[in-house]
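*Asks:* Input: one structure, supplied below.
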Amino acid sequence: MDAFSEILSGVKLSGAVYFSAEFSAPWRFSSPPSATLSQLLGIGSAHLLIYHFLIEGEALVIAEDESVQLRPGDVVVLPHADSHLMTSDRGATATVQASAILSKIKSRDLTPVQAGGGGAPARFACGYMACDPYISRPILSGLPPIFKVNIRTDRSGQWLENSILHLVEEAGSGQVGSAAMLAKVSEALFVDTLRRYITALPDQQVGWLAGTRDSIVGKSLGLLHSRVAHPWTIADLAEEVGISRSALVERFTRYLSEPPMTYLTRWRLQLAARSLETTSRGVSEIAAEVGYESEAAFNRAFKREFGDPPGKYRRDRRQSSQQSSQKQVRVHVAGRK
């Protein structure tokens, strides 16, 4: 399995279209930051991603001082769910009330939001993806705050668009099971968008995503991720991919800014941190699962990476998670009064 697919197989994306919109110019909408949306969606510590798919019309999306002009068929992705502005044009003053959209998100109401000044229409299907912050880190670290692709360039994109539109219509009318199907198609749309983004990267691009396209680096990443507990040495890995050790280190470092064994150590510790947070397995079991024969060696490496030994890390994260859950319950109860 290639490294990109290997990572995605463990990410466990979950998501759905959380609102569809029919805005008429002039219109302007400010999306809140990820913390607000995460609380509304009840996704806890999962990482949130946002996409907006423009079905009809034109729009401008502004985030992190970068503006992206959209045309029909464009999917704009905000991988870190940063707050952003969506508008018909820079001079638009007519504002779409965020409270109305947030209310729909909270209630999982998939009927279209209709607002604006009565001019040229713009139709959107907008959604979120929740994913594991540890497993998805290699992909997320290589993505800019905002990017777009167009899915109307081939048959697979056209199939995804038709499926999304059909299911949005079904879900809005309350058809049984359509919301669940829509969530799965939304996940497929997101993965397809990432693939298109990687394909369009310039040849000189570096980073994890660009590295997956390289024949040597991509194969190396695929091996390391699929056999994470294997007692890898640089000699073993170089033999597997068919290149000298020095050439492998040079090529891998050019893309990822660190040699293969350093990358593997970081990835093992990310997996271990995830297990400490999400399972009750013992530290020695987790250490062995990610390739450490010695629990003491694992403890030292973990503390170097995260600042705390595994036991304290687990206690602190669970306490923080409990406090967050209690806060969400209080907000939910207060909202019902």
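The values are calculated or read from the model by the stated rules, or taken from the named source; none is laboratory data. In this text, all values refer to a predicted model and were calculated from it rather than measured experimentally. Cβ: placed from backbone, ideal geometry, glycine included. Neighbour counts: every protein chain shown. In case anyone asks, the SASA skips ligands and DNA or RNA and just uses the protein heavy atoms, side chains included. Shrake-Rupley method; radii C 1.70, N 1.55, O 1.52, S 1.80 Å.
*Asks:* Being outside any helix (DSSP H, G or I), of a type outside the set (S, T, Y) and open to solvent by 60 Å² or more (accessible area, probe 1.4 Å) is the filter; apply it to region 231-269 and report the residue that is nearest to L201 (Cα to Cα).
*Replies:* G242
*Asks:* Can I ask one more? Given the conditions (1) at pLDDT below 95; (2) loosely packed, with under 15 Cβ neighbours inside 10 Å; (3) of a type outside the set (S, T, N, Q), and given that R71 satisfies all but one, which numbered condition is not satisfied?
*Replies:* Only one criterion in (1) at pLDDT below 95; (2) loosely packed, with under 15 Cβ neighbours inside 10 Å; (3) of a type outside the set (S, T, N, Q) is unmet by R71, namely (1).
*Asks:* Restricting attention to region 15-70, which residues are over 16 Å from D89 (Cβ atoms), in contact with a Pro (Cβ under 8 Å, 6 or more places away or on another chain) and of a type in the set (A, V, I, L, M)?
*Replies:* A21, A46, L49, I55, A63, listed by residue number.
*Asks:* Which condition breaks for L223 when tested against (1) farther than 30 Å from Q158 by Cβ; (2) assigned to a loop (DSSP other than H, G, I, E, B)?
*Replies:* Here L223 clears every test but (2).
*Asks:* Could you please find all residues in region 270-304 being in contact (Cβ under 8 Å) with a residue 40 or more places away in the chain, under 21 Å from P138 (Cβ atoms) and in a helix (DSSP H, G or I)?
*Replies:* Q270, L271, A273, R274, L276, E277, E289
*Asks:* Give region 87-111 a look and list any residue that's under 29 Å from the mean Cα position of the chain (by Cα), open to solvent by 60 Å² or more (accessible area, probe 1.4 Å) and touching a residue at least 40 places away in the same chain (Cβ under 8 Å), or say none.
*Replies:* So in region 87-111, the residues under 29 Å from the mean Cα position of the chain (by Cα) come out as 87-90, 95-111.
Retained after the next criterion (residues that are open to solvent by 60 Å² or more (accessible area, probe 1.4 Å)): 89-90, 95, 97, 99, 103, 106-108.
Listed by number, the residues that qualify are D89, T95, K106, R108.
*Asks:* In region 285-316, what residues are over 17 Å from T265 (Cβ atoms) and crowded, with 17+ Cβ neighbours inside 10 Å?
*Replies:* Scanning region 285-316 gives a single hit, R314.
*Asks:* Quick one: which of A25, A63, A46, A59 is of a type in the set (G, A, S), surrounded by fewer than 22 Cβ atoms within 10 Å (Cβ to Cβ) and touching a Leu at 6+ places or on another chain (Cβ under 9 Å)? Walk me through how you get there before you give the answer.
*Replies:* On the way: A25 fails: touching a Leu at 6+ places or on another chain (Cβ under 9 Å); A46 fails: touching a Leu at 6+ places or on another chain (Cβ under 9 Å); A59 fails: surrounded by fewer than 22 Cβ atoms within 10 Å (Cβ to Cβ).
Matching residue, one of A25, A63, A46, A59: A63.
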